[in-house]
1. Please go through region A:117-127 and give me each residue that is surrounded by 12 or more Cβ atoms within 10 Å (Cβ to Cβ) and either farther than 28 Å from A:A187 by Cα or modelled with pLDDT of 65 or more (or both), ordered by number.
2. Of a type in the set (F, W, Y) and at pLDDT 85 or above - does that describe any residue in region A:204-218?
3. Please indicate, with yes or no, whether at least one residue in region A:81-93 is in contact with a Lys or Arg (Cβ under 7 Å, 6 or more places away or on another chain) and either of a type in the set (D, E, K, R) or more than 7 Å from every other protein chain (Cβ to nearest Cβ) (or both).
4. So, in region A:77-107, exactly how many residues are open to solvent by less than 20 Å² (accessible area, probe 1.4 Å) and more than 30 Å from A:P49 (Cβ to Cβ)?
5. For region A:146-165, name all the residues that are of a type outside the set (K, R) and within 21 Å of the chain's Cα centre (by Cα).
6. How many residues does region A:60-80 contain that are more than 7 Å from chain B (Cβ to nearest Cβ) and farther than 13 Å from A:V39 by Cβ?
7. Examine region A:168-180 for a residue that is surrounded by fewer than 14 Cβ atoms within 10 Å (Cβ to Cβ), free of Cβ contacts under 8 Å to residues at least 12 places away in the same chain, within 18 Å of the chain's Cα centre (by Cα) and part of a strand (DSSP E or B), and state whether such a residue exists.
Amino acid sequence: MGLYIYSLGQADLLAGRTLPPGHTGAAIEIVEHGTLAAVVSEITALPAPVHRADLQRHDAVNRAVLATGLCIPMRWGTMVADRPACVEILGAQYERWLRTAERLRGRVELSAKLIVPTAPEPEVAVPSPIEDQPGTTYLRTRQAHLAAQIMQEDQARELRTVVKHALDGLADSVVVTHRGNLTAVAALVPHNQAGIAAERLRSVLATNTNRWIVGEPWPPYSFVDETA
Amino acid sequence: MDDDDELTGLDLNLLDLVDHVLNKGVVLTGEATISVAGVDLIYLGLNVVLASVGTIEDTLRRRIDDGPVHL
């Protein structure tokens, strides 16, 4: 038995709120420390294997927390032993949580995705017979992959600049990531201006020859420190 | 699905969900945390501390000799 942590929120904003049920239908509970609170539910073990509904449940709770005005989302599968352990986590880095809360309060994540069906293979120069040795082939392949990686990073930087310019005055931060043949753009924007920001994002990405998908606002999963 | 098939809205929603919920968000570390994404951190921590590089290399070598390694 343990506590599954979905996210952190603001204690006074969460007080009295009805949140959707957590994993296995367990009631959501609030563990307060200072002005912050962890949004948790009791759990015996993580769902295994993980189904879409499990991820949706995690996200549904966080979206409800986001609607209160502040959501610091945890990654899937974060568990602690009990309430004292949860309070310990809140207290151990309380000042840091407060800084994160200030940065994320009233903000949502806008997300756009581009999927290239097949990643382009890096070009490898045809070696002459004398160079056709396993080591040479390996180094040439490695060189081509590195060149492709550098090109991808340059494109990400360029895309980030374009998006930042388009969302000037709206986005606090913009992140562009590549993973396999998926390119993702995430922007941190005020909740009450998410609609305008999404329109601007669609408009600037429409000039690109690729078909981008701009989704609904998310809790700011991409704008929290990876570890705490 | 073929490479040329266009992803449906449902696929993209799932991709977005997996990308956000499984790949992002705060990862808690510390003794109070007992698990992240189903990995028991105490168990992992003990193994990392107690196994020397030599032991890990020996173990991996034995596994490779014994057949494919499943990670």
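1. Start the filter on region A:117-127 by keeping residues that are surrounded by 12 or more Cβ atoms within 10 Å (Cβ to Cβ), which leaves A:117, A:119, A:122, A:124, A:127.
Within region A:117-127, A:P122, A:V124, A:P127 qualify.
2. Going through region A:204-218, the residues of a type in the set (F, W, Y) turn out to be A:212, A:218.
Within this subset, residues satisfying the condition of being at pLDDT 85 or above are A:218.
Scanning region A:204-218, I find at least one residue that is of a type in the set (F, W, Y) and at pLDDT 85 or above, so the answer is yes.
3. Of all residues in region A:81-93, those in contact with a Lys or Arg (Cβ under 7 Å, 6 or more places away or on another chain) come to none.
No, region A:81-93 has no match at all.
4. The first filter runs over region A:77-107 and keeps only residues open to solvent by less than 20 Å² (accessible area, probe 1.4 Å), leaving A:77-80, A:85-86, A:90, A:97, A:100-101, A:104.
Then keep just the ones that are more than 30 Å from A:P49 (Cβ to Cβ); that gives A:90, A:97, A:100-101, A:104.
Looking only at that region, the number is 5.
5. Of everything in region A:146-165, those that are of a type outside the set (K, R) and within 21 Å of the chain's Cα centre (by Cα) turn out to be A:Q152, A:E153, A:Q155, A:A156, A:E158, A:L159, A:T161, A:V162, A:V163.
6. Just the residues of region A:60-80 that are more than 7 Å from chain B (Cβ to nearest Cβ), to begin with: A:60-71.
Add one more test, that the residue is farther than 13 Å from A:V39 by Cβ, and what stays is A:69.
Count: 1.
7. Applying the first criterion (surrounded by fewer than 14 Cβ atoms within 10 Å (Cβ to Cβ)) to region A:168-180 yields A:168-169, A:179-180.
Those still in the list that are free of Cβ contacts under 8 Å to residues at least 12 places away in the same chain too: A:168-169, A:179.
Imposing the further condition that a residue be within 18 Å of the chain's Cα centre (by Cα) reduces the set to A:179.
Keeping just the survivors that are part of a strand (DSSP E or B) gives A:179.
Yes.
Results for (1) surrounded by 12 or more Cβ atoms within 10 Å (Cβ to Cβ); (2) among the small types (G, A, S); (3) modelled with pLDDT of 85 or more, shown as yes or no for each residue.
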| site | (1), (2), (3) |
| --- | --- |
| A:I115 | yes, no, no |
| A:P129 | no, no, no |
| A:D132 | no, no, no |
| A:G135 | no, yes, no |
| A:V163 | yes, no, yes |
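The values are calculated or read from the model by the stated rules, or taken from the named source; none is laboratory data. Because the structure is a prediction, the values reported are computed rather than measured. So basically every Cβ, Gly included, is an ideal-geometry build from the backbone, and we count neighbours across all protein chains shown. Areas reflect the complete protein model, heavy atoms only, side chains present, ligands, DNA and RNA absent. Shrake-Rupley method; radii C 1.70, N 1.55, O 1.52, S 1.80 Å.
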